[in-house]
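Asker: Below: one structure in C-alpha cells.
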There are 4 protein chains.
Amino acid sequence: MVRPGPTGAPRGRPRSERVRVAVLDAAADLLVEGGMSAATIEGIAARAGVSKATIYKWWPTRGHVALDSFFTRTRDTIAVDPDASLSDSLTVQLQALCALFRDTASGRLMRELAAFAQNDPDVRDALEEHWLRPRRAVAMRLVTEAAERGELRADIDVEAVVDQLFAPVYHRLLFGHAPLREGLAAALVGQLLTGLRPRN
Amino acid sequence: MVRPGPTGAPRGRPRSERVRVAVLDAAADLLVEGGMSAATIEGIAARAGVSKATIYKWWPTRGHVALDSFFTRTRDTIAVDPDASLSDSLTVQLQALCALFRDTASGRLMRELAAFAQNDPDVRDALEEHWLRPRRAVAMRLVTEAAERGELRADIDVEAVVDQLFAPVYHRLLFGHAPLREGLAAALVGQLLTGLRPRN
Amino acid sequence: MVRPGPTGAPRGRPRSERVRVAVLDAAADLLVEGGMSAATIEGIAARAGVSKATIYKWWPTRGHVALDSFFTRTRDTIAVDPDASLSDSLTVQLQALCALFRDTASGRLMRELAAFAQNDPDVRDALEEHWLRPRRAVAMRLVTEAAERGELRADIDVEAVVDQLFAPVYHRLLFGHAPLREGLAAALVGQLLTGLRPRN
Amino acid sequence: MVRPGPTGAPRGRPRSERVRVAVLDAAADLLVEGGMSAATIEGIAARAGVSKATIYKWWPTRGHVALDSFFTRTRDTIAVDPDASLSDSLTVQLQALCALFRDTASGRLMRELAAFAQNDPDVRDALEEHWLRPRRAVAMRLVTEAAERGELRADIDVEAVVDQLFAPVYHRLLFGHAPLREGLAAALVGQLLTGLRPRN
DNA sequence: TCTTAAACGAGACGGTACGTCTAGTCTTCTA
DNA sequence: TAGAAGACTAGACGTACCGTCTCGTTTAAGA
C-alpha cells in the first residue's frame, strides 16, 4: 500500500537545499556582473557546481531562476508606521525603493527582470503579482483611506496617482535619463499632493 | 588613389535602398509578431531576402536594426499649439503617446526596445537621445515657461514633473498592470497641476 | 556482523525472484522490439516496475542484463545422437542454430549481443565462454573423433573446420547479405566434407 | 539571368576540404583508440578543430562518419592475377583480408562498424554494398568460372562457398575465439576445395 | 565600351548555448 | 537488508543563431 497520507513523508531522496541556494546565488551573481546575457543556464550550472538537468527540473526557464534569485536577494519590507502622515508614509516608501535600486544589486536585477519580462509572460505576471502589486496595494490603501478621511479630493484616479509616484523610479532605473537622487522621493510626493500651481 | 573629390560620387555600386527598406520592414514585422526573440538576424535576412552579411555591413547589432525600424515605422510628431494652455498642451502630448502605444505596433516595438536597451548601452543611449529626450525637452520647456510666467510654483523639480507625466505611460506599457485607457492623460495632467488635496 | 553460518540462511530480506524475472523479461522484450538502443536501464526499470538502483545492484552493465536475458530466453540444447553419422550430427546442429536465429527472437538478441560485445570485453568473454565455446567444443569433438577413426584426413585444422561450419551462420545473421535458408546447413556440411572438386 | 547551368560554379563559399579530412582523421583515430563509444560527434569535432554543426551538415550520423573514415583509411585493392589458379587467387584474397584486419587499424574499425551496423540499417547497407559485396563478387566470379570450366562440381552453392571462405575471418575478428594466424587463409581454401575426407 | 570597386547573395565555418536524454550514483523511506 | 522512489552529476545529443569568412555576381561611375 502506498498512500503516504496527508502527513506522510515524500518518497525518495529529498530535494537538496544546497542545490537551491547555490543556483540562486550563482544566478544573482552572474546577473549582477553581466546581466541576463551572462546568466545562461550553462553558466549558472557551472558556477553553482550543479548539473544543468537539475536546474531544468526545478525552474522552467532562466527567467524563473532570475525571479527567484531576485526575491531571495531582495529583502525589502513594506512596513508602514500607522501614526505617520500620508505624505511621510509615501515618502518613506519611495525613499526605500530608490535606495534599494540605487545602492544595492537589486537595481541591476530589477532592470534585467523587467527586460526579460517583455519576452516571457510568466515572468511578467510573477513580477507583477509578487513585487509590484503588493507595493502598489499598500500605497493605494493609504491614498484611499486619506480620501475617505477627506484629506484628499474625492475625484482622484488612485491607480494613476500610484503610477505618478512609483513609475518615475522605474523609468529612471530603466532609461537612466536622470539619477535616483536623494530628494526625488520627497519631490514626487510633495508635487503631487500639493499640485504645481501656486497656492494663491 | 581614391579621391572622389568634393562633389564626387562614391565609387562602386551604390547602396541599395531596396535592401534598407526590406530589412527594416522585415525586422519590424518580426518584432511585432514575436518580439526580439523572433527578430533574429537570420530570420530578418531570410524574410527580407537579403544576405546576413549585408545586414551586418550596415547595422552593428540587431538592436540597431530594431531601433531603425522603430523610427521608420513610428511617425509621431511633437507639434505644439502655441496658443493652447499648458494643461491642454501636456494632455495632447500624453494622449498622442498613449494612443501610439495602445493602438499601433509601436507599443510592442517600444517594449522590445526598452528590454533590449537594458543589455545594450548603445541602444539605450540612442533611444534616450532620439526618442525620450526630444519629447521630454518639449514638456520641460512648456513647464519652465509656465513657471516663468508665474503660472506654476517656482520651486518645482522640472525633471521630476516630466517623469510624473510620462513615466506612468511607459510603466503601464512595460508591466501591464493597468491599461493605457482614454482618460489617463487628462488624469495625469489634472492631478499633477492641481494637486491631490482639496482646494478650499 | 554478517556471518550467516554454514547452513544459516542469509540475514535480511532475501533477494526477490520476482525482480529478477521481471528485469530479464523486460530486457528481452525491449531488445527484441528495438535493439540495444531501446534497452536502456531506465527503460528496463520502468517496464519491469523495478528501481534502477536494484538493477545496478545485481548486474554491472546492461550488457550483462542482455546476456542473462538471452540465456534465459534461449533454450537451445546441444544434444548429440551417438549413433548418427558425422555428417548428420553436424547438419542437425547447424540446422538447429539456423532455425533458432531465423525463427525466434534469439536471432535479434544474438545480433545485439554481438554488437554490444565489441565494446564490452566482459560481455564478449561471457558470450564466448557460455555460448560459442560449448557449441564449438561439441563440433570439435565430433570432428576430432572422426579423424581418429580415419573418417577424415589427419592434417585438417579443426578450429578452421568448425569456423567454416558455424561462421557462415553468424555472418549472415549479422550482415544480412543472404538468408538463413532451409538447406544452408546441409550445403555447408556437404561441401566441406566432400570438397568442391569433382570426385572423378 | 542566373542559370549557372550544369557546369555552373556553385554559389557561396566552397566546402572546405580541410574540414573533410580533419573530421575523417579524427574519427578514425578516436575509433581506433576507444571504439564507437569514444567516437562521439562532440569528441570528433573537438579533435578535428571543427564545429559540431559542420559535421552534422555533411554526415547524418556518426555511423556515416565512421564509414567514411573506414573507407578513407582502408586502401584495400581487390586485384586478381588472371593467370593464377583458383586456389591461389582465393588464398591471396583471404590472406590480404587477414593481414588487413590483423596488422592495421582497419581491423578495429571493421569491428566497430559491424557493431554499429546492427543498430543502423543505413550503415549496414552501406557496409554490405561498398565493402562486402564487391569482395564477395570477385570470389563468386572466380568460383563460378571454375565450375564452368569443370574444375569444380556443378551442384555447389556458390553463396555458401564464399561464406565458408570469408565468414571465418570476420567471425574471428568479432569474437576473438581464435587468432587470424598466418596459415588460416591457406587452410580455409585447401580444406574447402579438397574436402575433409581422405582422398584414397 | 571597358574597367574598377563596392554592394550583394549564397552559404560554409567556428562558436556558444540551448533543452533533452541516459548512465550511473547517492539518499531517504518502506516492507 | 532488499527494494522503491527519486534527486543528483556527468556528459553527449542534435538544433539554432551568432558573427565572420570566402566565393561569384551585380551595378553604376569613371576612364
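The values are calculated or read from the model by the stated rules, or taken from the named source; none is laboratory data. Worth saying up front: this structure is predicted, and the values here are computed from it rather than measured. Every residue, glycine as well, gets a Cβ built from its backbone with ideal geometry; the counts of neighbours run over all protein chains shown.
Asker: Please work out if D:LEU86 is buried (at least 21 other Cβ atoms within 10 Å of the Cβ) and either of a type outside the set (Gly, Ala, Ser) or within 16 Å of DNA strand F (Cβ to nearest atom) (or both). Before you say what the answer is, go through the steps one by one.
Answerer: Values: buried (at least 21 other Cβ atoms within 10 Å of the Cβ): no; either of a type outside the set (Gly, Ala, Ser) or within 16 Å of DNA strand F (Cβ to nearest atom) (or both): yes.
Against the criterion (buried (at least 21 other Cβ atoms within 10 Å of the Cβ) and either of a type outside the set (Gly, Ala, Ser) or within 16 Å of DNA strand F (Cβ to nearest atom) (or both)), D:LEU86 does not qualify.
Asker: Is there a residue being polar (S, T, N, Q), crowded, with 20+ Cβ neighbours inside 10 Å and in contact with a helix residue (DSSP H, G or I) (Cβ under 8 Å, 6 or more places away or on another chain) anywhere in region A:56-69?
Answerer: Yes.
Asker: Please return the ranges of helices (runs of 4 or more DSSP H) entirely within region A:105-200 where 2 or more residues are touching a residue at least 40 places away in the same chain (Cβ under 8 Å) and at the interface with chain B (Cβ under 8 Å from one of its Cβ atoms).
Answerer: Passing ranges, in order: A:106-117, A:158-175, A:184-194.
Asker: Of everything in region C:41-69, what is farther than 13 Å from C:VAL23 by Cβ and either assigned to a helix (DSSP H, G or I) or at pLDDT 90 or above (or both)? Give them in sequence order.
Answerer: Once the filter is applied, which keeps residues that are farther than 13 Å from C:VAL23 by Cβ and either assigned to a helix (DSSP H, G or I) or at pLDDT 90 or above (or both), region C:41-69 yields only C:GLY63.
Asker: Collect the residues in region C:87-104 that are assigned to a helix (DSSP H, G or I), under 17 Å from C:THR77 (Cβ atoms) and of a type outside the set (Gly, Ala, Ser), keeping them in residue-number order.
Answerer: C:ASP88, C:LEU90, C:THR91, C:VAL92, C:GLN93, C:LEU94, C:GLN95, C:LEU97, C:CYS98, C:LEU100, C:PHE101, C:ASP103
Asker: What are the pairs with Cβ atoms under 9 angstrom where one residue, in region D:2-30, is outside the structural domain of D:ILE41 (by TED's automatic domain parsing) and the other, located anywhere, is modelled with pLDDT under 90 and near DNA strand E (Cβ under 10 Å from one of its atoms)? Sequence gap at least six, or different chains.
Answerer: Between residues of region D:2-30 that are outside the structural domain of D:ILE41 (by TED's automatic domain parsing) and residues that are modelled with pLDDT under 90 and near DNA strand E (Cβ under 10 Å from one of its atoms), the close pairs are D:PRO4/D:PRO10; D:PRO4/D:ARG11; D:GLY8/D:VAL2.
Asker: Would you point out the residue of region B:38-54, among those that are of a type in the set (A, V, I, L, M) and within 6 Å of DNA strand F (Cβ to nearest atom), that is surrounded by the most Cβ atoms within 10 Å (Cβ to Cβ)?
Answerer: Per the criteria, the residue is B:ILE41.
Asker: Exactly one condition in (1) under 21 Å from the mean Cα position of the chain (by Cα); (2) among the polar types (S, T, N, Q); (3) more than 30 Å from B:ARG108 (Cα to Cα) is not met by A:SER85; state its number.
Answerer: The one condition A:SER85 does not meet is (1).
For (1) more than 13 Å from DNA strand E (Cβ to nearest atom); (2) within 14 Å of chain D (Cβ to nearest Cβ); (3) touching a strand residue (DSSP E or B) at 6+ places or on another chain (Cβ under 7 Å), each residue gets a yes or a no:
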| residue | (1), (2), (3) |
| --- | --- |
| C:GLU17 | yes, no, no |
| C:ALA26 | no, no, no |
| C:VAL32 | yes, yes, no |
| C:SER37 | no, yes, no |
| C:GLU42 | no, no, no |
| C:SER51 | no, no, no |
| C:ILE55 | no, no, no |
| C:ALA66 | no, yes, no |
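Asker: Just to check your reading of the model, which residue among A:THR91, A:THR74, A:THR104, A:THR61 is under 30 Å from A:ARG172 (Cβ atoms), within 20 Å of the chain's Cα centre (by Cα) and within 16 Å of DNA strand F (Cβ to nearest atom)?
Answerer: A:THR61
Asker: Also, quick follow-up: Can you run down the residue pairs with Cβ atoms below 8 Å, 6 or more apart or on separate chains, where the first is in region B:37-61 and closer than 25 Å to A:ALA115 by Cβ and of a type in the set (Asp, Glu) and the partner is in a helix (DSSP H, G or I) and near DNA strand E (Cβ under 8 Å from one of its atoms)?
Answerer: Going by the 8 Å Cβ cut-off, the qualifying pairs are B:GLU42/B:LYS52.
Asker: Would you mind finding the one in A:ARG172, A:ARG141, A:ARG149, A:ARG135 that is surrounded by fewer than 19 Cβ atoms within 10 Å (Cβ to Cβ) and within 20 Å of B:GLN164 (Cβ to Cβ)? Let's see the steps before the verdict.
Answerer: Details: A:ARG172 fails: surrounded by fewer than 19 Cβ atoms within 10 Å (Cβ to Cβ); A:ARG141 fails: within 20 Å of B:GLN164 (Cβ to Cβ); A:ARG149 fails: within 20 Å of B:GLN164 (Cβ to Cβ).
So the residue among A:ARG172, A:ARG141, A:ARG149, A:ARG135 that is surrounded by fewer than 19 Cβ atoms within 10 Å (Cβ to Cβ) and within 20 Å of B:GLN164 (Cβ to Cβ) is A:ARG135.
Asker: Still on this structure: Taking the conditions exactly as written (among the aliphatic types (A, V, I, L, M), free of Cβ contacts under 8 Å to residues at least 12 places away in the same chain and outside the structural domain of B:LEU30 (by TED's automatic domain parsing)), does B:ALA84 satisfy them or not?
Answerer: Working: among the aliphatic types (A, V, I, L, M): yes; free of Cβ contacts under 8 Å to residues at least 12 places away in the same chain: yes; outside the structural domain of B:LEU30 (by TED's automatic domain parsing): yes.
So B:ALA84 passes the test.
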